[in-house]
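Some notes on the structure that comes next.
The values are calculated or read from the model by the stated rules, or taken from the named source; none is laboratory data. Source: prediction; values computed, not measured. Cβ sites come from the backbone with ideal geometry, for glycine too, and all protein chains shown count toward neighbours.
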2 protein chains.
Amino acid sequence: MKTYLDCLPCFLSQALKTGRIATTDEKTQREILDQVMEKLISLPLDASPPGIAQLVYGTVKTITSNEDPYAAIKKTQNELALSFYPEFKKMTQESEDPLLFAIKLAIAGNIIDLGVQREIKDIKKEILETLAAPVAVNNYAAFKNTAMNSGLILYLGDNTGEIVFDRILVEELKKMDAKRIVFAVRGKPIINDVTIEDAKFVGMDKIVEIIANGSDAPATILSDCSSTFIELFQKADMIIAKGQGNYESLSDEIKNIFFLLKAKCPIVADHLNVNVGDSILKEQSR
Amino acid sequence: MKTYLDCLPCFLSQALKTGRIATTDEKTQREILDQVMEKLISLPLDASPPGIAQLVYGTVKTITSNEDPYAAIKKTQNELALSFYPEFKKMTQESEDPLLFAIKLAIAGNIIDLGVQREIKDIKKEILETLAAPVAVNNYAAFKNTAMNSGLILYLGDNTGEIVFDRILVEELKKMDAKRIVFAVRGKPIINDVTIEDAKFVGMDKIVEIIANGSDAPATILSDCSSTFIELFQKADMIIAKGQGNYESLSDEIKNIFFLLKAKCPIVADHLNVNVGDSILKEQSR
């Protein structure tokens, strides 16, 4: 998916939001906006939005010398989501179709995204609302069939907090026949995206292999990933890609991918032909 | 009111929105964003937001050679609002306090604003909702008292469509003792702000004097207005200022001003210490 003109004002908003988390100095915040605008002027938009976001967030990091502005927030999100784990795990186990329930839960967890504009006031309430709503694009039969017939499943994580709900889905996937499941995280801190530290914090490393993709984009931009990761990506029989960033960066990839996300911005929603707020379980058409 | 950092991404969104109305050529739309960013970089933010908006919209005008991108939309808004006139006029006349009702109606009409991000789907429905809601800042007693004791009232209009509801309020003001009421409009087309043409289209010129302020800012920036207008502004016993733009540009002015508006963006809402969506009838403290 390419970058749209609508993304430019949004990048500026994201830079300001992150700048304010990284520093309270208004002059530095202004410097961030000015430098981001300088970089955006004349910039080709054929990269995917997270490709440009990487440049935008990189600017914030460089100017503020803060490599991980969201560190404290990420910890809080993981802790909060972990506190919900027992209740949602029980709901999954007691549901009619635990795999389907876990998928819906993993999609619902995708509301915990600090790269988008909307603020979430009550995470648990919103998750319950998403669970109650229908899935707008629902390729569940294909998902289940593919998961049952895959030797290697690569699960691309997205955000902190959300990763706890991913764990519940990974636990359901482990009951199936895959010989190997690998959970991938970003290579370095970027927004509230998951890193190795988060995967360990929520115990993902205790149940499956974990791997860092080697990139600090809020997405899976293959050309920016490590060779080890790319090799794994190519070998995988099934890719489960969480969130908008992974969708934006992989929507043109020819591969057996299932995108699980909440459509959170109008541009991604348009690209998926759904409404903002919709839950998506979309099989990549090859 | 000064310009905040949050206004910068918003200016970019407004430039894109207007660029898309002015031209369907995506390269030109991109050129608009690039030139606006170039102008915003390092720009001092001590001007009020509409002062910078004037620069932003001026860029769109220059690049597209389209002096009035909103011309067709403004006509539609006036026609639509005029079709509501008989019903709302009757409601005003039958209300317990026609002046108060007309004020609330004039505030409600302020939702018809294309400079803000939110789209209005059903204008009549939203107006009825605003009429039913309480006024968050309500200096009605002072307004009525001042209107009763003013020889010259200067009413600063804001948007097309909205001007029909302003007419109903002006008709109520005419029943009071003011010797002279003047309705002011912008000097040139800017967004969907009212000009002389709109005032005539809704018959405002038939009931009171009308004057163009000489400026093409979406506001009343006195330093940019004609000397005739400034003189009138200084002489007026009471200023009625409609909308966010007039508030942003006159909030620091030492003058007998009553601001009537809907708070439509978080920055203006914060400045007024109210919530987005609130109705405001605020007396300027002198």
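Residue count for the range B:40-87, restricted to those that are crowded, with 17+ Cβ neighbours inside 10 Å, more than 30 Å from B:Ile123 (Cβ to Cβ) and not small (Gly, Ala, Ser): 3. For the range A:146-157, the count of residues that are within 19 Å of A:Ile210 (Cβ to Cβ), among the hydroxyl-bearing types (Ser, Thr, Tyr) and under 19 Å from the mean Cα position of the chain (by Cα) is at least one. Residue count for the range A:188-221 under the criterion of being over 16 Å from A:Lys242 (Cβ atoms) and under 16 Å from the mean Cα position of the chain (by Cα): the result is 6.
Only one of the numbered conditions (1) in a helix (DSSP H, G or I); (2) not assigned by TED's automatic domain parsing to the domain that holds A:Asp216 is violated by A:Ile103, and that is (2). Scanning the range A:2-25 for residues that are under 30 Å from A:Asp252 (Cα atoms) and away from every other protein chain (no Cβ under 12 Å) yields one hit, A:Thr18. Of A:Val164, A:Val135, all but one fail to be under 30 Å from A:Val274 (Cα atoms), in contact with a strand residue (DSSP E or B) (Cβ under 7 Å, 6 or more places away or on another chain) and surrounded by 14 or more Cβ atoms within 10 Å (Cβ to Cβ); the exception is A:Val135.
Checking the condition modelled with pLDDT under 95 and outside the structural domain of B:Asn273 (by TED's automatic domain parsing), which residue from B:Ala47, B:Ala15, B:Ala53 passes? I'd like the intermediate steps shown before the answer.
On the way: B:Ala15 fails: modelled with pLDDT under 95; B:Ala53 fails: modelled with pLDDT under 95.
Only one candidate qualifies: B:Ala47.
Is the range B:229-242 home to any residue that is crowded, with 23+ Cβ neighbours inside 10 Å and without any contact (Cβ under 8 Å) to a residue 60 or more places away in the chain? For the range B:229-242, residues crowded, with 23+ Cβ neighbours inside 10 Å and without any contact (Cβ under 8 Å) to a residue 60 or more places away in the chain: absent.
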